[in-house]
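One structure is given here, and the rest of the page talks about it.
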(Lines give C-alpha, C1' and ligand atoms only; values in the text may rest on other atoms or scores of the structure.)
Protein backbone atom coordinates (compact mmCIF):
# COMPACT_ATOMS: atom_id res chain seq x y z
CA UNK A 1 0.00 0.00 0.00
CA UNK A 2 2.72 2.62 0.79
CA UNK A 3 4.27 2.12 -2.68
CA UNK A 4 0.92 2.65 -4.44
CA UNK A 5 0.15 5.62 -2.22
CA UNK A 6 3.55 7.18 -2.77
CA UNK A 7 3.20 6.75 -6.54
CA UNK A 8 -0.12 8.64 -6.53
CA UNK A 9 1.42 11.31 -4.31
CA UNK A 10 4.51 11.71 -6.50
CA UNK A 11 2.44 11.87 -9.69
CA UNK A 12 0.55 14.85 -8.29
CA UNK A 13 3.79 16.51 -7.19
CA UNK A 14 5.26 16.09 -10.66
CA UNK A 15 2.17 17.63 -12.22
CA UNK A 16 2.32 20.53 -9.78
CA UNK A 17 6.02 21.07 -10.50
CA UNK A 18 5.44 21.06 -14.25
CA UNK A 19 2.79 23.76 -13.89
CA UNK A 20 5.19 25.81 -11.76
CA UNK A 21 7.97 25.41 -14.33
CA UNK A 22 5.61 26.36 -17.16
CA UNK A 23 4.73 29.51 -15.22
CA UNK A 24 8.45 30.19 -14.91
CA UNK A 25 8.89 30.12 -18.68
CA UNK A 26 5.90 32.42 -19.08
CA UNK A 27 7.47 34.86 -16.60
CA UNK A 28 10.80 34.62 -18.44
CA UNK A 29 9.00 35.52 -21.65
CA UNK A 30 7.35 38.48 -19.96
CA UNK A 31 10.69 39.89 -18.85
CA UNK A 32 12.65 39.11 -22.03
CA UNK A 33 10.47 38.87 -25.15
CA UNK A 34 6.79 39.69 -24.56
CA UNK A 35 5.39 42.70 -26.44
CA UNK A 36 4.59 45.65 -24.18
CA UNK A 37 0.87 45.23 -24.78
CA UNK A 38 0.78 41.65 -23.55
CA UNK A 39 0.33 42.33 -19.84
CA UNK A 40 -3.50 42.06 -19.49
CA UNK A 41 -3.56 38.51 -20.86
CA UNK A 42 -0.27 37.52 -19.23
CA UNK A 43 -1.47 38.49 -15.76
CA UNK A 44 -4.54 36.28 -16.20
CA UNK A 45 -2.44 33.39 -17.50
CA UNK A 46 -0.07 33.53 -14.56
CA UNK A 47 -2.94 33.89 -12.13
CA UNK A 48 -4.62 30.78 -13.53
CA UNK A 49 -1.41 28.74 -13.39
CA UNK A 50 -0.72 29.77 -9.79
CA UNK A 51 -4.28 28.86 -8.80
CA UNK A 52 -4.04 25.39 -10.37
CA UNK A 53 -0.68 24.80 -8.70
CA UNK A 54 -2.11 25.92 -5.34
CA UNK A 55 -5.12 23.64 -5.72
CA UNK A 56 -3.00 20.62 -6.60
CA UNK A 57 -0.95 21.19 -3.46
CA UNK A 58 -3.82 21.79 -1.05
CA UNK A 59 -6.89 19.92 -2.23
CA UNK A 60 -7.97 16.48 -1.00
CA UNK A 61 -6.60 13.93 -0.55
CA UNK A 62 -3.19 15.63 -0.10
CA UNK A 63 -3.59 15.99 3.67
CA UNK A 64 -4.57 12.32 4.01
CA UNK A 65 -1.66 11.21 1.82
CA UNK A 66 0.85 13.24 3.85
CA UNK A 67 -0.44 11.86 7.15
CA UNK A 68 -0.20 8.28 5.92
CA UNK A 69 3.23 8.79 4.38
CA UNK A 70 4.50 10.43 7.58
CA UNK A 71 3.61 7.20 9.41
CA UNK A 72 5.03 4.88 6.73
CA UNK A 73 8.54 3.43 6.75
CA UNK A 74 9.91 5.14 3.65
CA UNK A 75 13.45 5.19 2.22
CA UNK A 76 15.43 8.35 3.03
CA UNK A 77 14.90 9.89 -0.43
CA UNK A 78 11.13 9.53 -0.19
CA UNK A 79 11.14 10.88 3.36
CA UNK A 80 12.92 13.97 2.05
CA UNK A 81 10.27 14.46 -0.66
CA UNK A 82 7.46 14.13 1.89
CA UNK A 83 9.23 16.57 4.23
CA UNK A 84 9.57 19.22 1.54
CA UNK A 85 5.99 18.83 0.29
CA UNK A 86 4.69 18.84 3.88
CA UNK A 87 6.39 22.18 4.48
CA UNK A 88 4.89 23.69 1.33
CA UNK A 89 1.49 22.16 2.03
CA UNK A 90 1.24 23.50 5.58
CA UNK A 91 1.97 27.02 4.39
CA UNK A 92 -0.16 26.91 1.27
CA UNK A 93 -3.12 25.25 2.96
CA UNK A 94 -3.51 28.26 5.20
CA UNK A 95 -3.71 30.68 2.27
CA UNK A 96 -6.99 31.03 0.32
CA UNK A 97 -6.76 30.29 -3.39
CA UNK A 98 -8.30 33.65 -4.28
CA UNK A 99 -5.47 35.41 -2.41
CA UNK A 100 -2.88 33.36 -4.32
CA UNK A 101 -4.57 34.34 -7.60
CA UNK A 102 -4.72 37.98 -6.57
CA UNK A 103 -1.02 38.10 -5.65
CA UNK A 104 -0.08 36.49 -8.97
CA UNK A 105 -2.26 38.90 -10.91
CA UNK A 106 -0.91 41.98 -9.14
CA UNK A 107 2.74 40.89 -9.48
CA UNK A 108 2.21 40.38 -13.20
CA UNK A 109 0.82 43.91 -13.46
CA UNK A 110 3.57 45.24 -11.19
CA UNK A 111 6.39 44.28 -13.53
CA UNK A 112 5.48 46.66 -16.37
CA UNK A 113 4.57 49.33 -13.80
CA UNK A 114 8.02 49.02 -12.25
CA UNK A 115 9.69 49.00 -15.65
CA UNK A 116 7.87 52.16 -16.74
CA UNK A 117 8.55 53.87 -13.41
CA UNK A 118 12.26 53.12 -13.73
CA UNK A 119 12.38 54.32 -17.35
CA UNK A 120 10.56 57.57 -16.50
CA UNK A 121 12.25 58.01 -13.11
CA UNK A 122 8.89 58.27 -11.37
CA UNK A 123 8.32 56.37 -8.14
CA UNK A 124 4.70 57.57 -8.22
CA UNK A 125 4.12 55.25 -11.20
CA UNK A 126 5.08 52.23 -9.09
CA UNK A 127 3.89 53.29 -5.62
CA UNK A 128 0.19 52.24 -5.95
CA UNK A 129 0.98 48.69 -7.05
CA UNK A 130 3.77 48.44 -4.46
CA UNK A 131 1.25 49.44 -1.80
CA UNK A 132 -1.04 46.67 -3.03
CA UNK A 133 1.74 44.10 -2.86
CA UNK A 134 2.76 45.11 0.65
CA UNK A 135 -0.82 44.73 1.85
CA UNK A 136 -1.28 41.42 0.04
CA UNK A 137 1.95 40.02 1.46
CA UNK A 138 1.01 41.09 4.97
CA UNK A 139 -2.30 39.29 4.51
CA UNK A 140 -0.46 36.25 3.12
CA UNK A 141 1.85 36.11 6.16
CA UNK A 142 -1.05 36.55 8.56
CA UNK A 143 -2.86 33.56 7.06
CA UNK A 144 0.24 31.40 7.54
CA UNK A 145 0.94 32.46 11.13
CA UNK A 146 -0.84 35.45 12.67
CA UNK A 147 1.23 35.22 15.86
CA UNK A 148 4.67 35.72 14.33
CA UNK A 149 6.65 38.55 12.79
CA UNK A 150 5.21 38.72 9.24
CA UNK A 151 8.60 39.46 7.75
CA UNK A 152 10.07 36.32 9.35
CA UNK A 153 7.20 34.34 7.82
CA UNK A 154 7.92 35.81 4.38
CA UNK A 155 11.67 35.21 4.75
CA UNK A 156 10.90 31.50 5.14
CA UNK A 157 9.50 31.46 1.61
CA UNK A 158 13.08 31.79 0.39
CA UNK A 159 15.07 30.30 3.25
CA UNK A 160 13.02 27.96 5.45
CA UNK A 161 15.90 26.26 7.25
CA UNK A 162 18.07 29.24 8.21
CA UNK A 163 15.96 31.45 10.45
CA UNK A 164 15.78 35.23 10.34
CA UNK A 165 17.82 35.50 13.55
CA UNK A 166 20.70 33.76 11.77
CA UNK A 167 20.37 36.12 8.82
CA UNK A 168 20.25 39.16 11.09
CA UNK A 169 23.34 38.00 12.99
CA UNK A 170 25.34 37.47 9.79
CA UNK A 171 24.27 40.82 8.32
CA UNK A 172 25.36 42.52 11.55
CA UNK A 173 28.75 40.75 11.45
CA UNK A 174 29.25 41.82 7.86
CA UNK A 175 28.34 45.43 8.59
CA UNK A 176 30.65 45.56 11.62
CA UNK A 177 33.54 44.02 9.63
CA UNK A 178 33.07 45.78 6.30
CA UNK A 179 32.37 49.39 7.29
CA UNK A 180 35.84 49.92 8.87
CA UNK A 181 37.54 47.94 6.08
CA UNK A 182 35.85 50.10 3.43
CA UNK A 183 36.84 53.22 5.39
CA UNK A 184 40.48 52.03 5.45
CA UNK A 185 40.35 51.43 1.70
CA UNK A 186 38.92 54.91 1.12
CA UNK A 187 41.80 56.38 3.17
CA UNK A 188 44.48 54.30 1.42
CA UNK A 189 46.98 55.99 -0.89
CA UNK A 190 46.71 53.20 -3.47
CA UNK A 191 45.13 54.34 -6.72
CA UNK A 192 43.45 51.69 -8.84
CA UNK A 193 43.98 52.12 -12.58
CA UNK A 194 40.98 52.20 -14.92
CA UNK A 195 42.17 50.49 -18.12
CA UNK A 196 38.62 49.97 -19.40
CA UNK A 197 37.70 53.56 -20.22
CA UNK A 198 36.26 53.89 -23.70
CA UNK A 199 33.34 52.61 -25.72
CA UNK A 200 32.43 48.93 -26.08
CA UNK A 201 29.87 47.86 -28.65
CA UNK A 202 27.01 45.84 -27.16
CA UNK A 203 26.96 43.26 -29.96
CA UNK A 204 30.67 42.60 -29.48
CA UNK A 205 30.16 42.37 -25.72
CA UNK A 206 27.51 39.76 -26.42
CA UNK A 207 30.12 37.72 -28.30
CA UNK A 208 32.52 38.11 -25.38
CA UNK A 209 29.84 36.85 -23.00
CA UNK A 210 29.29 33.80 -25.20
CA UNK A 211 33.02 33.07 -25.26
CA UNK A 212 33.23 33.36 -21.46
CA UNK A 213 30.31 30.97 -21.07
CA UNK A 214 32.05 28.56 -23.45
CA UNK A 215 35.22 28.84 -21.37
CA UNK A 216 33.36 28.06 -18.15
CA UNK A 217 31.50 25.11 -19.63
CA UNK A 218 27.93 26.33 -20.03
CA UNK A 219 25.80 23.67 -21.74
CA UNK A 220 24.16 25.50 -24.66
CA UNK A 221 21.99 22.47 -25.48
CA UNK A 222 20.19 23.18 -22.20
CA UNK A 223 20.42 26.96 -22.06
CA UNK A 224 20.53 30.28 -23.88
CA UNK A 225 21.75 33.84 -23.38
CA UNK A 226 19.44 36.84 -23.67
CA UNK A 227 19.23 40.38 -22.33
CA UNK A 228 17.00 41.87 -19.66
CA UNK A 229 16.96 45.15 -17.72
CA UNK A 230 17.75 43.20 -14.55
CA UNK A 231 19.93 40.11 -15.22
CA UNK A 232 18.51 36.81 -13.98
CA UNK A 233 18.51 33.10 -14.69
CA UNK A 234 15.66 30.62 -14.62
CA UNK A 235 14.62 27.16 -15.65
CA UNK A 236 15.19 23.51 -14.95
CA UNK A 237 18.04 21.03 -15.40
CA UNK A 238 16.83 20.63 -18.99
CA UNK A 239 16.46 24.34 -19.77
CA UNK A 240 18.52 26.76 -17.63
CA UNK A 241 18.48 30.21 -19.25
CA UNK A 242 20.71 33.21 -18.59
CA UNK A 243 20.11 36.90 -19.15
CA UNK A 244 22.61 39.73 -18.91
CA UNK A 245 22.78 43.39 -19.91
CA UNK A 246 25.35 45.55 -21.65
CA UNK A 247 26.78 48.93 -20.71
CA UNK A 248 28.76 50.33 -23.64
CA UNK A 249 30.92 52.36 -21.24
CA UNK A 250 31.72 49.46 -18.90
CA UNK A 251 32.47 45.97 -20.23
CA UNK A 252 32.98 44.64 -16.69
CA UNK A 253 29.27 45.08 -15.95
CA UNK A 254 28.15 42.42 -18.41
CA UNK A 255 31.11 40.15 -17.60
CA UNK A 256 30.37 39.98 -13.88
CA UNK A 257 26.62 39.59 -14.39
CA UNK A 258 27.12 36.87 -17.02
CA UNK A 259 29.50 34.90 -14.78
CA UNK A 260 27.14 35.39 -11.85
CA UNK A 261 24.17 34.04 -13.79
CA UNK A 262 26.33 31.20 -15.11
CA UNK A 263 26.79 30.11 -11.48
CA UNK A 264 23.03 29.94 -11.03
CA UNK A 265 22.49 28.14 -14.32
CA UNK A 266 25.31 25.67 -13.76
CA UNK A 267 23.74 24.70 -10.44
CA UNK A 268 20.40 24.22 -12.17
CA UNK A 269 21.94 22.20 -15.01
CA UNK A 270 23.69 20.05 -12.41
CA UNK A 271 20.52 18.93 -10.68
CA UNK A 272 19.73 15.20 -11.14
CA UNK A 273 17.74 14.69 -14.32
CA UNK A 274 16.10 11.46 -13.17
CA UNK A 275 14.60 13.27 -10.17
CA UNK A 276 13.00 16.04 -12.25
CA UNK A 277 9.52 16.92 -11.06
CA UNK A 278 10.20 16.17 -7.39
CA UNK A 279 12.07 18.10 -4.68
CA UNK A 280 15.04 15.79 -5.20
CA UNK A 281 15.42 17.35 -8.65
CA UNK A 282 15.06 20.93 -7.45
CA UNK A 283 17.67 23.34 -6.10
CA UNK A 284 18.00 23.92 -2.40
CA UNK A 285 16.84 27.32 -1.22
CA UNK A 286 18.08 30.73 -2.30
CA UNK A 287 21.09 31.02 0.00
CA UNK A 288 22.59 27.90 -1.58
CA UNK A 289 21.64 29.07 -5.08
CA UNK A 290 23.25 32.44 -4.45
CA UNK A 291 26.37 30.76 -3.08
CA UNK A 292 26.91 29.15 -6.48
CA UNK A 293 26.59 32.41 -8.42
CA UNK A 294 28.77 34.35 -5.97
CA UNK A 295 31.40 31.59 -5.94
CA UNK A 296 31.78 31.82 -9.71
CA UNK A 297 31.47 35.60 -9.90
CA UNK A 298 33.87 36.48 -7.08
CA UNK A 299 36.08 33.55 -6.10
CA UNK A 300 36.66 32.48 -9.71
CA UNK A 301 35.68 35.40 -11.96
CA UNK A 302 37.49 38.12 -9.98
CA UNK A 303 40.61 36.03 -9.32
CA UNK A 304 43.95 36.78 -10.97
CA UNK A 305 44.26 33.27 -12.51
CA UNK A 306 40.91 33.78 -14.21
CA UNK A 307 41.90 37.17 -15.54
CA UNK A 308 44.94 35.50 -17.11
CA UNK A 309 42.41 33.58 -19.23
CA UNK A 310 39.91 36.38 -19.68
CA UNK A 311 42.17 39.23 -20.80
CA UNK A 312 43.17 37.51 -24.09
CA UNK A 313 39.47 36.94 -24.87
CA UNK A 314 38.70 40.60 -24.25
CA UNK A 315 41.71 41.71 -26.30
CA UNK A 316 40.66 39.55 -29.24
CA UNK A 317 37.28 41.27 -29.39
CA UNK A 318 38.48 44.73 -28.30
CA UNK A 319 42.02 45.31 -29.67
CA UNK A 320 42.35 48.52 -27.63
CA UNK A 321 42.81 46.28 -24.57
CA UNK A 322 45.75 44.33 -26.03
CA UNK A 323 48.35 46.24 -24.00
CA UNK A 324 46.48 46.28 -20.68
CA UNK A 325 48.70 44.80 -17.93
CA UNK A 326 47.22 41.81 -16.10
CA UNK A 327 47.67 43.41 -12.68
CA UNK A 328 45.78 46.54 -13.76
CA UNK A 329 42.90 44.48 -15.15
CA UNK A 330 42.75 42.35 -11.99
CA UNK A 331 42.74 45.41 -9.71
CA UNK A 332 40.11 47.16 -11.85
CA UNK A 333 37.87 44.08 -11.58
CA UNK A 334 38.18 44.28 -7.79
CA UNK A 335 38.00 48.03 -7.28
CA UNK A 336 36.03 49.07 -4.20
CA UNK A 337 33.73 51.97 -5.03
CA UNK A 338 31.48 53.26 -2.20
CA UNK A 339 30.16 55.93 -4.58
CA UNK A 340 28.44 53.34 -6.76
CA UNK A 341 24.67 53.47 -6.26
CA UNK A 342 23.71 50.33 -8.20
CA UNK A 343 23.64 47.02 -6.32
CA UNK A 344 24.19 44.73 -9.31
CA UNK A 345 27.26 46.78 -10.27
CA UNK A 346 28.65 46.92 -6.74
CA UNK A 347 32.00 45.51 -5.70
CA UNK A 348 31.96 42.49 -3.41
CA UNK A 349 32.47 44.56 -0.23
CA UNK A 350 30.03 47.46 -0.54
CA UNK A 351 27.53 45.01 -2.07
CA UNK A 352 26.49 43.90 1.41
CA UNK A 353 25.68 47.42 2.52
CA UNK A 354 23.28 47.60 -0.44
CA UNK A 355 21.64 44.43 0.88
CA UNK A 356 21.41 45.72 4.45
CA UNK A 357 19.66 48.88 3.24
CA UNK A 358 17.05 46.86 1.35
CA UNK A 359 16.61 44.46 4.23
CA UNK A 360 15.93 47.26 6.70
CA UNK A 361 13.50 49.04 4.36
CA UNK A 362 11.43 46.03 3.37
CA UNK A 363 11.26 44.79 6.95
CA UNK A 364 9.88 48.18 8.01
CA UNK A 365 7.44 48.16 5.09
CA UNK A 366 6.01 44.79 6.08
CA UNK A 367 5.85 45.68 9.79
CA UNK A 368 4.01 48.91 9.00
CA UNK A 369 6.78 51.10 10.44
CA UNK A 370 7.40 52.62 7.00
CA UNK A 371 4.82 53.80 4.48
CA UNK A 372 5.32 53.24 0.76
CA UNK A 373 5.29 56.95 0.00
CA UNK A 374 8.29 57.45 2.30
CA UNK A 375 10.46 54.78 0.65
CA UNK A 376 12.43 57.14 -1.67
CA UNK A 377 13.36 59.51 1.15
CA UNK A 378 14.36 56.75 3.57
CA UNK A 379 16.27 54.96 0.82
CA UNK A 380 18.30 58.09 0.06
CA UNK A 381 18.99 58.75 3.75
CA UNK A 382 20.25 55.21 4.30
CA UNK A 383 22.55 55.41 1.27
CA UNK A 384 24.05 58.57 2.68
CA UNK A 385 24.39 56.95 6.10
CA UNK A 386 25.94 53.65 4.98
CA UNK A 387 27.82 54.58 1.82
CA UNK A 388 28.24 58.34 2.03
CA UNK A 389 26.48 58.92 -1.29
CA UNK A 390 22.97 60.10 -2.11
CA UNK A 391 20.96 59.01 -5.19
CA UNK A 392 19.94 61.86 -7.46
CA UNK A 393 17.00 59.96 -8.92
CA UNK A 394 14.59 57.17 -8.02
CA UNK A 395 15.76 55.19 -11.06
CA UNK A 396 19.23 54.84 -9.54
CA UNK A 397 17.71 54.63 -6.07
CA UNK A 398 14.68 52.71 -4.87
CA UNK A 399 13.50 51.68 -8.36
CA UNK A 400 16.70 49.91 -9.40
CA UNK A 401 15.71 46.40 -8.24
CA UNK A 402 12.99 44.23 -9.72
CA UNK A 403 12.29 42.14 -6.61
CA UNK A 404 9.51 44.17 -5.02
CA UNK A 405 7.58 44.08 -8.28
CA UNK A 406 7.58 40.29 -7.83
CA UNK A 407 6.31 40.66 -4.27
CA UNK A 408 9.60 39.11 -3.13
CA UNK A 409 9.78 40.54 0.39
CA UNK A 410 12.26 38.57 2.47
CA UNK A 411 14.45 37.75 -0.54
CA UNK A 412 17.30 40.22 -0.12
CA UNK A 413 19.04 38.70 2.95
CA UNK A 414 19.69 35.52 0.95
CA UNK A 415 22.14 37.45 -1.24
CA UNK A 416 24.46 38.07 1.70
CA UNK A 417 23.88 34.62 3.16
CA UNK A 418 24.82 33.19 -0.23
CA UNK A 419 27.99 35.28 -0.41
CA UNK A 420 29.01 34.11 3.04
CA UNK A 421 28.36 30.50 2.07
CA UNK A 422 30.32 30.99 -1.18
CA UNK A 423 33.39 31.97 0.84
CA UNK A 424 32.92 28.94 3.09
CA UNK A 425 32.64 26.66 0.04
CA UNK A 426 35.67 28.37 -1.51
CA UNK A 427 37.70 27.61 1.61
CA UNK A 428 36.61 23.97 1.51
CA UNK A 429 37.17 23.32 -2.19
CA UNK A 430 40.63 24.91 -2.09
CA UNK A 431 41.57 22.59 0.76
CA UNK A 432 40.87 19.68 -1.61
CA UNK A 433 41.72 21.02 -5.08
CA UNK A 434 44.39 23.36 -6.46
CA UNK A 435 41.74 25.70 -7.84
CA UNK A 436 44.17 28.35 -9.10
CA UNK A 437 46.09 25.79 -11.17
CA UNK A 438 42.85 24.36 -12.54
CA UNK A 439 41.71 27.84 -13.59
CA UNK A 440 45.06 28.52 -15.28
CA UNK A 441 44.72 25.19 -17.11
CA UNK A 442 41.11 26.07 -18.02
CA UNK A 443 40.06 22.82 -16.30
CA UNK A 444 36.79 24.22 -15.04
CA UNK A 445 35.11 20.85 -15.34
CA UNK A 446 36.99 19.60 -12.28
CA UNK A 447 35.64 22.52 -10.27
CA UNK A 448 32.06 22.01 -11.47
CA UNK A 449 32.38 18.25 -10.88
CA UNK A 450 33.31 18.96 -7.25
CA UNK A 451 30.36 21.32 -6.84
CA UNK A 452 28.01 18.86 -8.50
CA UNK A 453 29.19 15.97 -6.36
CA UNK A 454 29.11 17.99 -3.14
CA UNK A 455 26.02 20.18 -3.66
CA UNK A 456 24.14 19.99 -6.96
CA UNK A 457 23.33 16.28 -7.10
CA UNK A 458 21.50 16.34 -3.77
CA UNK A 459 18.66 18.62 -4.85
CA UNK A 460 16.52 19.10 -1.73
CA UNK A 461 17.51 15.79 -0.14
CA UNK A 462 19.06 17.73 2.78
CA UNK A 463 17.79 20.75 4.68
CA UNK A 464 19.86 23.87 4.04
CA UNK A 465 21.72 23.63 7.34
CA UNK A 466 22.39 19.93 6.75
CA UNK A 467 23.64 20.54 3.21
CA UNK A 468 26.05 23.25 4.40
CA UNK A 469 27.52 20.90 7.00
CA UNK A 470 27.67 18.08 4.44
CA UNK A 471 29.52 20.32 1.95
CA UNK A 472 31.86 22.20 4.29
CA UNK A 473 31.97 20.19 7.51
CA UNK A 474 30.57 22.97 9.71
CA UNK A 475 27.53 25.25 10.14
CA UNK A 476 27.17 28.49 8.20
CA UNK A 477 29.61 31.11 9.44
CA UNK A 478 30.71 34.56 8.29
CA UNK A 479 34.28 33.83 9.41
CA UNK A 480 35.58 32.73 6.02
CA UNK A 481 34.10 35.65 4.12
CA UNK A 482 35.48 38.14 6.62
CA UNK A 483 38.97 36.58 6.49
CA UNK A 484 38.89 36.37 2.70
CA UNK A 485 37.79 40.00 2.35
CA UNK A 486 40.41 41.28 4.80
CA UNK A 487 43.26 39.33 3.20
CA UNK A 488 42.36 40.06 -0.42
CA UNK A 489 41.68 43.77 -0.14
CA UNK A 490 44.48 44.51 2.30
CA UNK A 491 46.82 43.18 -0.37
CA UNK A 492 45.22 45.07 -3.26
CA UNK A 493 45.11 48.38 -1.37
CA UNK A 494 48.30 47.92 0.68
CA UNK A 495 46.58 48.48 4.02
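Worth a mention:
- The residues of segment 216-230 that are closer than 17 Å to residue 269 by Cβ and part of a loop (DSSP other than H, G, I, E, B), listed by number, are 217, 218, 219, 223, 224.
- Residue match in segment 465-488 (condition: within 19 Å of the chain's Cα centre (by Cα), surrounded by fewer than 21 Cβ atoms within 10 Å (Cβ to Cβ) and either in a helix (DSSP H, G or I) or not assigned by TED's automatic domain parsing to the domain that holds residue 276 (or both)): yes
- Assessment of segment 24-37 against the conditions (part of a helix (DSSP H, G or I) and either farther than 24 Å from residue 237 by Cα or in the same structural domain as residue 245 (by TED's automatic domain parsing) (or both)) yields at least one matching residue.
- Qualifying residue in segment 39-51 (condition: in contact with a helix residue (DSSP H, G or I) (Cβ under 6 Å, 6 or more places away or on another chain) and outside any helix (DSSP H, G or I)): no
- Only one of 245, 266 that is under 17 Å from the mean Cα position of the chain (by Cα) and without any contact (Cβ under 8 Å) to a residue 24 or more places away in the chain: 245
- Answer from 182, 170 - the residue that is touching a residue at least 24 places away in the same chain (Cβ under 8 Å), outside the structural domain of residue 87 (by TED's automatic domain parsing) and closer than 30 Å to residue 462 by Cα: 170
- Some residue of segment 220-233 being more than 21 Å from residue 26 (Cβ to Cβ) and either crowded, with 17+ Cβ neighbours inside 10 Å or not assigned by TED's automatic domain parsing to the domain that holds residue 21 (or both): yes
- Residue match in segment 196-215 (condition: touching a strand residue (DSSP E or B) at 6+ places or on another chain (Cβ under 9 Å), part of a helix (DSSP H, G or I) and free of Cβ contacts under 8 Å to residues at least 24 places away in the same chain): yes
- Residue match in segment 411-432 (condition: assigned by TED's automatic domain parsing to the domain that holds residue 360, assigned to a loop (DSSP other than H, G, I, E, B) and either buried (at least 18 other Cβ atoms within 10 Å of the Cβ) or on the phi > 0 side of the Ramachandran plot (or both)): yes
- On the stretch given as segment 234-269, residues that are crowded, with 22+ Cβ neighbours inside 10 Å, out of contact with any strand residue (DSSP E or B) (no Cβ under 8 Å at 6 or more places or on another chain) and not in a helix (DSSP H, G or I) total 2.
- Cβ pairs under 7 Å, 6+ apart, first in segment 25-44 and within 17 Å of residue 245 (Cβ to Cβ), second assigned to a loop (DSSP other than H, G, I, E, B): 31/228; 32/228
- All positions within segment 361-379 that are touching a helix residue (DSSP H, G or I) at 6+ places or on another chain (Cβ under 9 Å), surrounded by fewer than 17 Cβ atoms within 10 Å (Cβ to Cβ) and assigned to a helix (DSSP H, G or I): 364, 367, 373
- Of the residues examined, residue 137 is not one that is modelled with pLDDT under 95 and outside the structural domain of residue 400 (by TED's automatic domain parsing).
- Scan of segment 110-121 for residues that are part of a helix (DSSP H, G or I) and either touching a strand residue (DSSP E or B) at 6+ places or on another chain (Cβ under 6 Å) or surrounded by fewer than 16 Cβ atoms within 10 Å (Cβ to Cβ) (or both), ordered by number: 116, 119, 120
- Note on segment 146-172: residues that are assigned to a helix (DSSP H, G or I) and out of contact with any helix residue (DSSP H, G or I) (no Cβ under 7 Å at 6 or more places or on another chain) amount to 7.
- Entry remark, segment 438-447: residues being touching a residue at least 40 places away in the same chain (Cβ under 8 Å), surrounded by fewer than 18 Cβ atoms within 10 Å (Cβ to Cβ) and at negative phi number 2 in total.
- Within this structure, residue 188 fails the test of being out of contact with any strand residue (DSSP E or B) (no Cβ under 7 Å at 6 or more places or on another chain), closer than 15 Å to residue 252 by Cα, assigned by TED's automatic domain parsing to the domain that holds residue 305 and at pLDDT below 95.
- Meets criteria (without any contact (Cβ under 8 Å) to a residue 12 or more places away in the chain and surrounded by 20 or more Cβ atoms within 10 Å (Cβ to Cβ)) for residue 346: yes
The values are calculated or read from the model by the stated rules, or taken from the named source; none is laboratory data. Keep in mind that this is a model prediction, so the values were computed, not measured. Heads up, the Cβs are rebuilt from the backbone with ideal geometry, glycines too, and the neighbour counts pull from every protein chain shown.
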